[in-house]
Amino acid sequence: MYAVIDTETTGLSPGRRHRVIEIAVVLLDAQGRVEGEWVTLLNPQRDLGPQHIHGILTADVLAAPDFADVARHLAGLLAGRMVVGHNVEFDLGFLRAEFARLGVAVPLITERAMCTMALAGYLYPGARRTLGACCSAAGVSLEGWHSALADTRATAELFSHYLRQFPSPPPWQWAYDEVSRLGWPELPEVAFRPTVRAVHAGGRHGWMSRLVDQLPRVPQPPQADSYLAMLDMILTDREINAAKADQLVHVATDLGLTRSQVDELHRAYVDALAEALWSDGEVSAEHRGDLDRVAAMLGHGVADVDDALISASNGQYVVPPRPGANGFPAGSTMVFTGDMVEPREIWWDRAVAAGFIPQEAVRPETTFVVAADVDSLSVKARAAREYGVPIIGVDDFRRVLTPPERKAS
């Protein structure tokens, strides 16, 4: 009867060519019981917008389907059901725009959808607007905020809670009867594989097995060791692939770990690996490269590995030379790309104060580019790769501006 939806997008307005980059659907019956769920990332063929909000990396969507690939399947999930969402007009506006790009109009009518934000105000005058506030007031758990599936599950549970406050059938039964009769356009069937938010894999060698054996147990949360045991197994296997990396996502979900808990476990795991590697002896370029790939798989950058090794060595570790590690000379030209947590103007002023020359466009003579996501598909990032201009992340640039003092080895 109901299709609860949530989307993550590259921005706030489909009219400004922003796109859907993740969509989740939870199906409910007339009593609000879950019948099924579906989620996938989408490749928007553009930069991903405010990644510090939605947490999706370019690497996550490179192999993801386009909206055109999933359109028929999504339409099948929504057809004949009343759509539910929190601030549902936002999601419906983006979905209408995505279908319109394919040349079709779909019967996603805001006035025939249910909005939990509106229901909260109706049932509980003075209720707050945000999904988090509504869930908290209703005693609904919301973990992994700004993940489409986590938000959709929470919205579905919230709607089920609200649904129980009304008689059966509910006052909007007439609207559902109307929606259930609306026709949907025929769309071409395309084979695709849903892509979920996953950790990213990299190569591994025998030395990693020795390091993993040295890692300490983690007492909290109670599920931590079960999750880390799977991670240990993956890291000691030479045949790491995307499918095995995806297993971590499902393991964390099955164990009930929240996104913040997993992030903390990953951070501690990288720190423990760095400490074990330093204690194991020489940090060769090969070992450091593998550790960087492990960190990337767990959502951390080379700068995080730098910090972990410096901490493990009490400042003795020397960061290897690479673009941005030991700075760029004053007078270097540079370009920013992507949405960063702090406003672009602040970073621009910092660059000028450090003696750099910020520019709006990437040219062959540009010294380096600072990207919110080093895998960005933005026009500037693509130009940088074409010209062979180094791209560094925000954390690396921060270290360029204020390089830490390090002891010689």
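The values are calculated or read from the model by the stated rules, or taken from the named source; none is laboratory data. Just so we're clear, the structure is a prediction, and the values are computed from it rather than from any experiment. Quick reminder, even Gly has a Cβ in these numbers, built from the backbone with ideal geometry, and neighbours come from all protein chains shown. These area figures cover heavy atoms from the full protein model, side chains too; ligands, DNA and RNA do not enter into them. Shrake-Rupley method; radii C 1.70, N 1.55, O 1.52, S 1.80 Å.
Summary of computed values
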{"read-out": "Failed item in (1) farther than 16 Å from L28 by Cα; (2) assigned to a helix (DSSP H, G or I); (3) open to solvent by 60 Å² or more (accessible area, probe 1.4 Å), with E157 passing the rest", "value": "(1)"}
{"read-out": "Residues located in the stretch 161-196, provided they are assigned to a loop (DSSP other than H, G, I, E, B) and among the aliphatic types (A, V, I, L, M)", "value": "L182, L187, V190, A191, V196"}
{"read-out": "Leading residue by the ranking (farthest from D60 (Cα to Cα)) among those in the stretch 349-397 that are of a type in the set (K, R) and surrounded by fewer than 16 Cβ atoms within 10 Å (Cβ to Cβ)", "value": "R363"}
{"read-out": "Number of the condition not met by R128 [criteria: (1) more than 18 Å from G32 (Cβ to Cβ); (2) within 22 Å of the chain's Cα centre (by Cα); (3) open to solvent by 70 Å² or more (accessible area, probe 1.4 Å)]", "value": "(2)"}
{"read-out": "Complete set of residues in the stretch 82-124 that are closer than 22 Å to D29 by Cβ, among the small types (G, A, S) and part of a loop (DSSP other than H, G, I, E, B)", "value": "A113"}
{"read-out": "Residue within the stretch 197-212 that is more than 23 Å from A24 (Cβ to Cβ), among the hydroxyl-bearing types (S, T, Y) and modelled with pLDDT of 70 or more present", "value": "no"}
{"read-out": "Among the candidates A268, A295, residue that is assigned to a helix (DSSP H, G or I) and open to solvent by less than 30 Å² (accessible area, probe 1.4 Å)", "value": "A295"}
{"read-out": "Subset of the stretch 47-70 [open to solvent by less than 50 Å² (accessible area, probe 1.4 Å) and over 23 Å from S260 (Cα atoms)]", "value": "D47, A64, P65, F67, A68, D69, V70"}
{"read-out": "Residue ID - most open to solvent (accessible area, probe 1.4 Å), chosen from residues in the stretch 131-154 that are outside any helix (DSSP H, G or I) and at pLDDT below 85", "value": "W145"}
{"read-out": "Positions within the stretch 71-85 being open to solvent by 20 Å² or more (accessible area, probe 1.4 Å), out of contact with any Pro (no Cβ under 7 Å at 6 or more places or on another chain) and not hydrophobic (A, V, I, L, M, F, W, C), in sequence order", "value": "H73, G76, G80, R81"}
